[in-house]
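I have placed the structure first, in the form of C-alpha cells, so that the comments after it can refer back to it.
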Amino acid sequence: MSSRYTPIFAYGHATCNSTLESTDCTTCLGPAMDNGTFTSPLTEKSFDFASEERIYKWWDSQGYFKPNDELDGEPFVISMPPPNVTGALHMGHAMFVTPEDIMVRYNRMKGRPTLWVPGTDHGGIATQLVVEKELASQGIKRTELTREEFIRKVLEWKERYGKAITNQIKRLGASCDWAREHFTLDDQLSRSVAEAFVRLHEKGLIYQGSYMVNWSPSLQTAVSDLEVEYSEEPGFLYHIKYHIEGGSGSDFLTIATTRPETLFGDVAIAVHPEDDCFSEYIGRQAIVPMTNGRLVPIIADTYVDKDFGTGVLKISPGHDHNDYLLAKKLGLPILNVMNKDGTLNEVAGPYSGMDRFDARKKLWSELEETKLAVKKEPYTLRVPISQRGGEIIEPLVSKQWFVTMEPLAEKALRAVEEKQITIFPERFEKTYNQWLSNIKDWCISRQLWWGHRIPVWYIEGKDCEEDYIVARSQEEALDRAREKYGSGVEIYQDPDVLDTWFSSALWPFSTLGWPDESAEDYKRFYSTTVLETGHDILFFWVARMVMMGIEFTGKVPFSHIYLHGLIRDSQGRKMSKSLGNVIDPLDVIREFGTDALRFSIALGTPGQDLNLSVERLTSNKGFTNKLWNAGKFVLQNLPSQSDASAWEKIMDLKFDSEDSLGRLPLPECWVISKLHVLIDSVTSSYEKFFFGDVGRETYDFFRGDFADWYIEASKARLYKSAENTSAPVAQAVLLYVFENILKILHPFMPFVTEELWQALPNRKQALIVSPWSETSLPRNESSIRRFENLQALTRAIRNARAKYYVQPAKRISASIIGNDDVLQYMFKEKEVLALLSKLDLENVHFIGSPPGNEKQSVHLVACEGLEAYLPLADMVDISDIQCLTNRLSKLQSERDTLNARLDSPKLKRASEEIVRGVKEKIAKAEEKISLIANFLSLLNSTTSITLE
C-alpha cells in the first residue's frame, strides 16, 4: 500500500486521543479519529448526512483520490465529461457522477492504479450568452465593449461562479484527482488545440470557404447541425402568384412557401419534369413579386415534390439547405437577402433593415393589396431552434472554417467494427455507425469572443482568402510572415473562435499532456479505459473524441463507451422549469442523503431514461437506515476489545475453505455460502457494467438474507443466558458478512459504508482503499437447500399464525414431520426455528408420522418431505369469539345499509362512477364477512373440542 494511505484503527471514540496509527485504544467504541471525522453508530440514531462533507474532505486530504504509484498493473482511467462553467448542479450531473464514481471506486478497490480526471468546459456559446445577459441587466451591450474588455468580464464571471459546479460535484461524492483538474482554456489545453488545428491544416483536412450554415441571429454566430433542435409549431403556408414573362394577367404560377420574405433571394422556379400541368412553362421566365420585375428561369428537376403545395418550388439557395445543394448542382447563383442580425439587407429593397418576421407580415399585406396573394392556410412548421440561445435559426451562406470529416470517420468506424472500442449498450453502435457513415464536414468556426481563437493570421494589405498563415502562436506566425513578406510586415489574427466541441474532442489526451508525448501522465494513463456520458451527446462529443484520438495519437482514446440515459420526473416527463418538476440534487441530498440519491440512480438501466420519484428516494433512504441499524446490531453484539480470549476465538474462524465452511452450523454455513455466491455474481456484473444488477442483488441479499433472516437467527446464539459456546461463531459470521456487504456497496453508497467501516474493529485501511472481496470462495449447496427448507417452514408457520389471528408474542406448539435426514438438521436448529417462528421450544416435536391430534391441528406442507402440525388449541383464544362476533354483526349491518342505498331511487339517478363505488364497498364487506364467519365456525368447533 502506498505511503500516502494512512493506516487507521477504528474501534474507539471519536474523542479518543489515540493517533491514527494507534492500535491500543481498548476502552471505548467508535473510530479513533482525532479529527472527529467519524462517529460511532452506537451513539447515533441514524446516519448523519452532514458528516458526508467531512468524510469527503478526509478522503481527499489522505490522498485517496490519487492513483497509487506503488501499484502495478493496467491503470483504470476515466476522463470526466467536463460540465460548462455556466452550470449549476442538476440531475444530469448526478447521472454521470454516479456511474463514473462507481467504476472508479470499484477499480480502486480491485487494486488497479486508478485515475479520474476532472475538469470544466469554457462552454463558448453558453457562457458568452449568460455573461451578455448579465451585462444587459446592467444596461451594457457587448458591442459597446472591446474584445479584451468583454473577455475580462467573462473571466470575472468565471472567477465568481466557475468553481461552484466543481464544489457541487464533490458534494455528490466524486472521487476525482482534483490536483489534475483542467479547464478547456488552460494554457496546456490551449496549446493542444493550436497543435491539433495546425496538424489538420497541414494534412489538408481544414479549409475555409463560404457555405450554407446554421446561423444564430442574436448571437451572430454559426452553430453546429447537432446544436439545432426542430420544434413543430403552428404557422402558415402562403400561396403567392408568380406571373410569367410575356404572358397575360391570368398567366401565372402559384407557389406555396412558409417563408415569403425569402422570395427576394429567389434565383429560379422549379417544377417536376413529369408534371404535365407545368411542362409548357419550362424554359420560360417568371417575375419575382415585389422586386420591380426581376426575372428568374423556370427549370425542371426531379427534386421537386409534385404533391407538396402547388407542385411549384421557388429556389432560394441563400436561405434553405436543400435549395443550396440544388443550386450547387445546377450552377445557379447564390443570393443572400439577410443581414447577420436577422434583418433584411439591401437586396430586399424597401424592406431593407426590417426584422425577418416583421418583413413577412408587411410583405404578405402588400401582396394582398397587389392581388398577388392567393391564400394563407394554417400549416404545422418544423422550426429549427438553437439549443443554446433558444431562438429560430436562419440557414445562411457564410465564410467559415471546416474540417473534412470523411477520412477521420473511416478510422473511427473501423475502431468499433474491429472491437478496439465497445459501446454499451450495444444498440447504440448502430446509431454511431449511421452517423459516421453519413457525416458532413464540420463547421468549426464561431463568431464569438469567448473561446479558443482560431490560430490563423492574415497579412495587412493582402487578400485574406489566399494570404494567411496557420501557426501555433502569434510569434511563430510573425516569424513566418517576415520570412515571406519582409521585416516590416504586420499581421492580425482571425477574429473567430473554434467550436467548443473542437477543444473537448481532444479532452482524453490533452488533459494528460498531449502534444508532449513524453509527459508522464500521457505515457502512463493514455489510452483511457472508459468514456461514460449521456447517449444524447454520442455525436457531439464521443464520436469526435474517437476521430481526433486516432488521428493525433494513433490510438483509440478509450476502449469502452458507457452511455447513460436522462433523468425524468416520476411521470416520465423531461424536467423543466416551465413544468415545475425540476429536482435540485442539493435539496435531495439534504433530505435523503447522497447515498440514497446515488443508489436510486444506479439502479437504472444503461442507455434508458430514469424516472426519479420521491417514493424511490424515500425507499432508498430507508435502505441507508437499515444498513446503519444492521451495523449497530453487529457492533453491539461484538465482545469488548479488551476481551482478548473472545477476540482470539473470533479471529481463529476462517471461511475460505470447504472444510471450514462445512464445520459451521446450518444458518452460518447458509449465509456465508450465499455471500460467496453474491461476491462472484456482483464482481462479474461490475466488470460488465451491469451496475443495476449489482445494486439489486446486494439489496436483496442484505435485506432478505442477512437482515431479515441471519441477524434474526443469530439471536438464538447471541442471547443465551447460560454458557454460550456458539456466540463466537455468530459474532465472527456477522462481522465477516457485514464487512463484505460494506465493500460491495461502497462504490454505490460511499459515505455511510465508510462511516460504518470505521466503526468496525481492526480496520487497518480506509474502506475506499481496502482490497475488494476475494472471489471464488467455497459455498455449500447442501446448506443452502436445507436452510431454504427451514425458511419455507418458518414462512408457513408465520402465515398460519397470521391467518388464525395468533397474538404476536404468543408461543405455540408444533410437530415437525419429515424423513430422518430432514429431522436431523431441523432438530439441530430447533432453537433458530423456534425463535423465527415464535414456537414454544419445549413443545416442538420432531417425528416421522402425523401426531395423534392431527384432526385438531392445522396441517402445513412447507415443501416436499417437510410438514408441520400446529394444534388449534394452542392458537385459539376463546375470548376472541365474542370480539369477532361483534365485528361480524357490524359488518353485516354496514353491508345491508349499502344494499339498501343501492336499491334507492336516488342512487339509480347517480353517475356510473358513484354506483360503481358503492358496489365495490359491498363486495369488500362481503369478503370480510365470509372470512370472519368461516373463522368463527372454526373457533367454535375448536372450542367444543377443547371443552370435551
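The values are calculated or read from the model by the stated rules, or taken from the named source; none is laboratory data. Bear in mind the structure is a predicted one, so any value in this text is a computation, not a measurement. Note that we place each Cβ from the backbone using ideal geometry, even for glycine, and neighbour counts take in every protein chain shown. Side chains are part of the model used for accessible areas, which takes the heavy atoms of the whole protein and leaves out ligands, DNA and RNA. Shrake-Rupley method; radii C 1.70, N 1.55, O 1.52, S 1.80 Å.
Listing for the model above:
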| quantity | calculated |
| --- | --- |
| Qualifying residue in segment 697-713 (condition: within 22 Å of Pro639 (Cα to Cα), at pLDDT 95 or above, of a type in the set (S, T, N, Q) and part of a helix (DSSP H, G or I)) | no |
| From the options Glu366, Glu377, residue that is of a type in the set (Asp, Glu) and over 22 Å from Ile392 (Cβ atoms) | Glu366 |
| Residue list for segment 257-280, filter: over 25 Å from Glu366 (Cβ atoms) and open to solvent by 10 Å² or more (accessible area, probe 1.4 Å) | His272, Pro273, Glu274, Asp275, Asp276, Cys277, Phe278, Ser279, Glu280 |
| Per-region count, segment 834-864, residues closer than 27 Å to Ser714 by Cβ and either open to solvent by less than 70 Å² (accessible area, probe 1.4 Å) or not in a loop (DSSP other than H, G, I, E, B) (or both) | 15 |
| Filtered residues of segment 165-205 (kept if charged (D, E, K, R) and either in a loop (DSSP other than H, G, I, E, B) or under 30 Å from Glu591 (Cα atoms) (or both)) | Lys170, Arg171, Asp177, Glu181, Asp186, Lys203 |
| Conditions (1) in contact with a helix residue (DSSP H, G or I) (Cβ under 8 Å, 6 or more places away or on another chain); (2) farther than 30 Å from Tyr468 by Cβ: number failed by Asp587 | (1) |
| Residue within segment 559-572 that is among the small types (Gly, Ala, Ser), in a loop (DSSP other than H, G, I, E, B), open to solvent by 10 Å² or more (accessible area, probe 1.4 Å) and more than 27 Å from Ser192 (Cα to Cα) present | yes |
| Hey, Glu426 in contact with a strand residue (DSSP E or B) (Cβ under 8 Å, 6 or more places away or on another chain) and either surrounded by fewer than 20 Cβ atoms within 10 Å (Cβ to Cβ) or not polar (S, T, N, Q) (or both) or not | no |
| Answer residue from segment 281-303, given it is part of a loop (DSSP other than H, G, I, E, B) and farther than 20 Å from Leu372 by Cβ and is least open to solvent (accessible area, probe 1.4 Å) among those | Asp301 |
| Among (1) within 43 Å of the chain's Cα centre (by Cα); (2) surrounded by 12 or more Cβ atoms within 10 Å (Cβ to Cβ); (3) not in a helix (DSSP H, G or I), the one test that Glu668 misses | (3) |
| Exclusive hit being within 21 Å of Leu396 (Cα to Cα) and open to solvent by 10 Å² or more (accessible area, probe 1.4 Å), set Ser190, Ser248, Ser216, Ser210 | Ser210 |
| Lys430 being in a loop (DSSP other than H, G, I, E, B) and either aliphatic (A, V, I, L, M) or without any contact (Cβ under 8 Å) to a residue 12 or more places away in the chain (or both) | no |
| Only one of Lys632, Lys674, Lys654 that is under 18 Å from Phe738 (Cα atoms), of a type in the set (D, E, K, R) and in contact with a Pro (Cβ under 8 Å, 6 or more places away or on another chain) | Lys632 |
| Members of segment 771-787 that are more than 30 Å from Val104 (Cβ to Cβ) and touching a residue at least 24 places away in the same chain (Cβ under 8 Å) | Pro778, Asn780, Glu781, Ser783, Ile784, Arg786, Phe787 |
| Filtered residue count, segment 504-554, keeping only those that are touching a strand residue (DSSP E or B) at 6+ places or on another chain (Cβ under 9 Å) and farther than 21 Å from Trp442 by Cβ | 11 |
| Candidate set: segment 331-380, residues that are among the acidic types (Asp, Glu) and part of a helix (DSSP H, G or I); chosen: the one least open to solvent (accessible area, probe 1.4 Å) | Glu366 |
| Selected residue (criterion: least open to solvent (accessible area, probe 1.4 Å)) from residues of segment 381-402 that are of a type outside the set (Lys, Arg) and assigned to a loop (DSSP other than H, G, I, E, B) | Ile393 |
| Residue satisfying condition, being open to solvent by less than 20 Å² (accessible area, probe 1.4 Å), farther than 30 Å from Met103 by Cβ, assigned to a helix (DSSP H, G or I) and small (Gly, Ala, Ser), within set Ala732, Ala792 | Ala732 |
| Positions within segment 140-167 being under 30 Å from Thr98 (Cβ atoms) and open to solvent by 40 Å² or more (accessible area, probe 1.4 Å), in sequence order | Lys158, Glu159, Arg160, Tyr161, Lys163, Ala164, Asn167 |
| Candidates Ile583, Ile601, Ile537, filtered to the one that is among the aliphatic types (A, V, I, L, M) and surrounded by 24 or more Cβ atoms within 10 Å (Cβ to Cβ) | Ile601 |
| Residue in segment 377-388 that is under 30 Å from Leu185 (Cα atoms) and in contact with a Ser or Thr (Cβ under 7 Å, 6 or more places away or on another chain) present | yes |
| Matching residues in segment 879-932 - criterion: being of a type in the set (Val, Ile, Thr) and out of contact with any helix residue (DSSP H, G or I) (no Cβ under 6 Å at 6 or more places or on another chain) | Thr885, Thr897, Ile914, Val915 |
| Residue ID - nearest to Tyr238 (Cα to Cα), chosen from residues in segment 311-330 that are out of contact with any helix residue (DSSP H, G or I) (no Cβ under 7 Å at 6 or more places or on another chain) and in a loop (DSSP other than H, G, I, E, B) | Gly311 |
| One residue from Val556, Val542, Val546, Val530 being at negative phi, buried (at least 16 other Cβ atoms within 10 Å of the Cβ) and in a loop (DSSP other than H, G, I, E, B) | Val556 |
| Evaluation of Ala359 against (1) at pLDDT below 95; (2) within 47 Å of the chain's Cα centre (by Cα); (3) small (Gly, Ala, Ser) (one fails), failing number | (1) |
| Residue match in segment 403-420 (condition: within 30 Å of Asp496 (Cα to Cα), part of a loop (DSSP other than H, G, I, E, B), in contact (Cβ under 8 Å) with a residue 40 or more places away in the chain and not hydroxyl-bearing (Ser, Thr, Tyr)) | yes |
| Residues of segment 260-293 satisfying the condition of being free of Cβ contacts under 8 Å to residues at least 24 places away in the same chain and under 29 Å from Asp358 (Cα atoms) | Gly293 |
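Condition check ((1) more than 30 Å from Phe76 (Cβ to Cβ); (2) touching a strand residue (DSSP E or B) at 6+ places or on another chain (Cβ under 6 Å); (3) of a type in the set (Asp, Glu)) across all residues:
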{"residue": "Asp121", "(1), (2), (3)": "no, yes, yes"}
{"residue": "Ala126", "(1), (2), (3)": "yes, yes, no"}
{"residue": "Leu145", "(1), (2), (3)": "yes, no, no"}
{"residue": "Ile151", "(1), (2), (3)": "yes, no, no"}
{"residue": "Lys158", "(1), (2), (3)": "yes, no, no"}
{"residue": "Gly162", "(1), (2), (3)": "no, no, no"}
